[in-house]
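Contents: one structure, followed by commentary.
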Amino acid sequence: MSAPLYELDGVKRRYGNRTVLSIDQWQIAQGDFVALVGPNGAGKSTLLRLLNFIEPPSEGTLRYKGYAVGPRNAAPLALRREVTTVFQRPILLDRSVRANVAYGLRLRGQDRWPEKVQRALEQVGLANLAHRPARHLSGGEAQRVALARAIVLEPEVLLLDEPTANLDPYNARLIEEIVSALNRTRGTTIILVTHNIFQARRLARTVGLLLEGYLIEVGETERFFESPQDPRTAAFVRGEMIY
Amino acid sequence: MSISKGEHGTVRESLIQALHLILKADPALAEIVALTFRVSGIALLISAAVGIPLGAALGLRRFAGRRLLVSLLYTGMGFPPVVIGLIVYLLLSHNGPLGQWEAPFIPRLFTPSAMILAQTIISLPLVAGFTMAAVMGVDPLLRQQVLALGATQGQAVKAILSEARTGVIIALIAGFGSIISEVGAVMLVGGNIEHRTRVLTTAIVLETSKGNFELAMALGIILLGLSFLVNVALVYLQGRAIRE
């Protein structure tokens, strides 16, 4: 396993007086495929916002490639642009499919965006819909556009916040295949938040359980599912209600 | 204007007279139309430059005093133009707090600049208020999404405004509509001086008071027509923005 890409050290995120995330120590290796599981309100989406540098930690240090991000030290734009997120609900701009996929590239001032956009759309099987208004797409198509919009940026880290939660099996499978291939062939670090423990087991090399803002257990996938160390992880893996 | 004056004219006669005035390219009319558009155009530009960022900030940010500011904005949206005209008049008059100053950026009473100031005060709350409503109607997750795609805070605001463009253009239409048709404030601060501060609305009032109803109607038809053309242009822009 290569050097840590992220290092979390006493990271807390608070909204008002409520602490929604508290992680003492955690390292994420470059090129890993991590799945984060846990019930609603466990802090999974908050953690993704921190890892994408959309929000700073309220306390502690989040290191990315050695660069420390803290409450008073925001990530520089160049680092922030190495990471991107696909959310559960695809928020597409009220423009064409092509313009949506091109959005991030145009922000970066890339002039070779038309070819890249075309390739990304081919990758998600939507090249024929390039000129269609994005708001006219089905849920599955829209999520594939959201994925194309992310992968076209060739990010170092791809954060996925329950990207297949509302999709039919065909679209879910397609997205899983694209994401797996990206991790395998490009070495893109993937951090997937999911409620689906089968999906976590199928895709990830590392799995972590978040509960009420705390990282209860994190480990290699087989060990996480076959011999969990924490009784709460064991209960979660067995599908018991632990919340 | 060198148009024959009549008694209570019919709409048909007024239409003919309006067409006659336009086709003849009456220089007095051209001067009035040009000043009308200069005053209202500049006022709308200033309102847009200040009101769109202000509306976006009020729609996107939560800060101390925001509610008070929004309440003031809503009050401003319904403020009678003639009262605004009166306030500007008192501010700029010789004994007023601004009238005593000799600064180049303070307009003088009975000048187009004073009319621009009054019209800006009228349209600014409308542009800001409608922009705020439009921005608040955009999915709150959009900001997070564009930031996740690498947008700066400024680019995120631009993306949100772009998504709210229908509402923003409605804000501009409302702002323009409120000032192009306004008469009380420009009459008070402009004085309806021939060749200096006469605009279409004040000319209509003057011709009506003189009993030149056909001419007044003709000017009204021209005002309506020009206002319609501007709104068509704005709606066209709206459609083009959506297609892009």
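The values are calculated or read from the model by the stated rules, or taken from the named source; none is laboratory data. This one's a predicted model, so the numbers in the text were calculated from it and none came from an experiment. Heads up, the Cβs are rebuilt from the backbone with ideal geometry, glycines too, and the neighbour counts pull from every protein chain shown. For accessibility, only protein heavy atoms count, side chains too; no ligands or nucleic acids. Shrake-Rupley method; radii C 1.70, N 1.55, O 1.52, S 1.80 Å.
The set of residues from the range B:1-43 being part of a loop (DSSP other than H, G, I, E, B), open to solvent by 80 Å² or more (accessible area, probe 1.4 Å) and at pLDDT below 80 comprises B:2, B:4, B:5, B:7, B:8. Residues that are out of contact with any Pro (no Cβ under 7 Å at 6 or more places or on another chain) and surrounded by fewer than 21 Cβ atoms within 10 Å (Cβ to Cβ) within the range B:170-186 comprise B:170, B:173, B:174, B:177, B:181, B:183, listed in sequence order. Going by the conditions given, is residue B:118 more than 14 Å from every other protein chain (Cβ to nearest Cβ) and either surrounded by 22 or more Cβ atoms within 10 Å (Cβ to Cβ) or in contact with a Cys (Cβ under 8 Å, 6 or more places away or on another chain) (or both)? Judged against the criteria, residue B:118 is a match. For the range A:145-164, the set of residues classified as in a loop (DSSP other than H, G, I, E, B), open to solvent by less than 60 Å² (accessible area, probe 1.4 Å) and within 14 Å of chain B (Cβ to nearest Cβ) consists of A:152, A:153, A:155, A:162, A:163, listed by residue number.
Total residues in the range B:126-165 satisfying the condition of being aromatic (Phe, Trp, Tyr) and either within 18 Å of residue A:100 (Cα to Cα) or within 9 Å of chain A (Cβ to nearest Cβ) (or both): the figure is 0. Within the range B:187-244, can you find the residues that are in contact with a helix residue (DSSP H, G or I) (Cβ under 7 Å, 6 or more places away or on another chain), open to solvent by 30 Å² or more (accessible area, probe 1.4 Å) and among the acidic types (Asp, Glu)? Hit for the range B:187-244 is B:214, nothing else. Checked against (1) more than 13 Å from chain B (Cβ to nearest Cβ); (2) acidic (Asp, Glu); (3) within 19 Å of residue B:161 (Cα to Cα), residue A:115 meets all criteria but (3). Can you tell me which residue within the range B:135-153, out of those that are aliphatic (A, V, I, L, M) and open to solvent by 20 Å² or more (accessible area, probe 1.4 Å), is farthest from the chain's Cα centre (by Cα)? The qualifying residue farthest from the chain's Cα centre (by Cα) is B:141. The residues of the range B:65-74 that are open to solvent by less than 100 Å² (accessible area, probe 1.4 Å) and without any contact (Cβ under 8 Å) to a residue 40 or more places away in the chain, listed by number, are B:65, B:66, B:69, B:71.
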